[in-house]
Every structure is written in C-alpha cells, then in structure tokens.
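The structure appears right after this line, and notes come after that.
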Amino acid sequence: MKSPKTWHDRHKESLNFGSRLADTVASGMGSWKFIIIQTVLVILWMGLNLVGFIQHWDVYPFILLNLVFSTQAAYAAPIIMMSQNRQSERDRAQALADYETNVSARLEIEALSKQLSTLEVEKLDKIIGMLEEMKKERTK
C-alpha cells in the first residue's frame with residue numbers, strides 16, 4: 001500500500017527541468033567538493049602558466065582566469081538566487097502544512113476534551129444517583 005504524498009513530494013514533482021537544474025547547480029556550488037576542486041584547478045592553472053616553458057595561454061596577472069571567474073559568478077548568482085527563492089516557497093508550503101496540521105490537532109483535542117468532560121459528568125451523575133439510592137435504602 002502506498003503512503004500518501006507529503007507536501008515535499010508534491011512540491012518536488014511540481015518543479016520543471018530548469019528549477020531542478022538550478023537546485024542541483026546551487027547545491028553543487030555550495031559544497032566543499034566544489035570549492036576543493038575549483039581550488040585545485042586554479043592552482044594548476046596558475047602553476048602551469050607560471051612554469052610553462054613553451055606556451056603560456058594566460059600569463060600573469062591571469063586575465064583569462066579572471067574572465068572565467070567573472071563569467072562563472074555572473075551565471076552562478078542568478079541560479080543560486082532562483083534556488084533560494086524556491087527554498088522560500090518550500091518553507092512557506094511547509095509552514096502552511098504545519099499550520100493546517102496544528103489546527104486539525106487542536107480541533108481533535110477540543111473534541112476529545114468535550115467527550116472526556118461529558119463522560120466525567122455522566123460518571124458523576126451515576127455516582128450521585130447511586131449514593132442517593134444507598135441513602136434512601138438506609139433510611140428505610
């Protein structure tokens with residue numbers, strides 16, 4: 001038997017290809033793996049250009065490397081912002097789902113409280129009735 005879909009499952013299914021791609025890129029660029037790989041590539045780039053005996057494709061001060069970083073930043077910033085906006089949408093959906101759950105739980109608790117109160121009153125009425133019967137039997 002399949003369990004019902006959560007708000008998170010429904011939200012994930014509603015994302016289009018671009019949204020899923022933006023989330024994947026943002027999570028990749030926000031990881032230590034990305035930072036370490038990029039650092040290694042930059043060190044290799046600079047090292048090969050500093051010690052390259054035959055050909056320097058990007059001589060010091062590494063103008064091409066700066067251009068690559070600028071291009072990366074120009075595309076990364078809007079992609080990360082799209083992903084953050086979607087995270088805000090997910091947070092709002094979760095908050096709404098939590099609110100609806102809380103309201104439902106409150107209503108159920110109130111109904112149970114009323115039932116318990118009714119049961120207590122009925123029990124007390126029965127006890128009082130029994131005590132009155134016992135009192136009548138004693139007075140006879």
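When the stretch 101-140 is filtered for residues that are among the hydroxyl-bearing types (Ser, Thr, Tyr) and closer than 30 Å to residue 6 by Cβ, the ones remaining, listed by number, are 101, 104, 113. Would you confirm, using the coordinates I've provided, whether residue 96 is modelled with pLDDT of 95 or more, hydrophobic (A, V, I, L, M, F, W, C) and out of contact with any Cys (no Cβ under 8 Å at 6 or more places or on another chain)? Spelling it out, it is not the case that residue 96 is modelled with pLDDT of 95 or more, hydrophobic (A, V, I, L, M, F, W, C) and out of contact with any Cys (no Cβ under 8 Å at 6 or more places or on another chain).
Across the stretch 34-61, the number of residues qualifying as in a loop (DSSP other than H, G, I, E, B) and not β-branched (Val, Ile, Thr) comes to 8. Of the residues examined, residue 31 is not one that is of a type in the set (S, T, N, Q), at pLDDT below 90 and either closer than 30 Å to residue 87 by Cβ or touching a His at 6+ places or on another chain (Cβ under 9 Å) (or both).
Residues in the stretch 4-33 that are outside any helix (DSSP H, G or I) and surrounded by 11 or more Cβ atoms within 10 Å (Cβ to Cβ): 5, 6, 15, 30, 31. Can we say residue 51 is β-branched (Val, Ile, Thr) and either closer than 25 Å to residue 24 by Cβ or surrounded by 10 or more Cβ atoms within 10 Å (Cβ to Cβ) (or both)? Taking the combined requirement at face value, the residue does not satisfy it.
Within the stretch 116-132, not a single residue is touching a His at 6+ places or on another chain (Cβ under 8 Å), free of Cβ contacts under 8 Å to residues at least 24 places away in the same chain and over 29 Å from residue 11 (Cα atoms).
Every residue, every condition in (1) under 30 Å from residue 25 (Cβ atoms); (2) assigned to a helix (DSSP H, G or I); (3) hydrophobic (A, V, I, L, M, F, W, C); (4) in contact with a Leu (Cβ under 6 Å, 6 or more places away or on another chain), yes or no:
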| position | (1), (2), (3), (4) |
| --- | --- |
| 74 | yes, yes, yes, no |
| 80 | yes, yes, yes, no |
| 92 | yes, yes, no, no |
| 112 | no, yes, yes, no |
| 122 | no, yes, no, no |
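Taken as a whole, the condition of being in a helix (DSSP H, G or I), farther than 30 Å from residue 44 by Cβ and either free of Cβ contacts under 8 Å to residues at least 24 places away in the same chain or touching a helix residue (DSSP H, G or I) at 6+ places or on another chain (Cβ under 8 Å) (or both) applies to residue 87.
The values are calculated or read from the model by the stated rules, or taken from the named source; none is laboratory data. Keep in mind that this is a model prediction, so the values were computed, not measured. We place every Cβ from the backbone using ideal geometry, glycine too, and count neighbours over all the protein chains shown.
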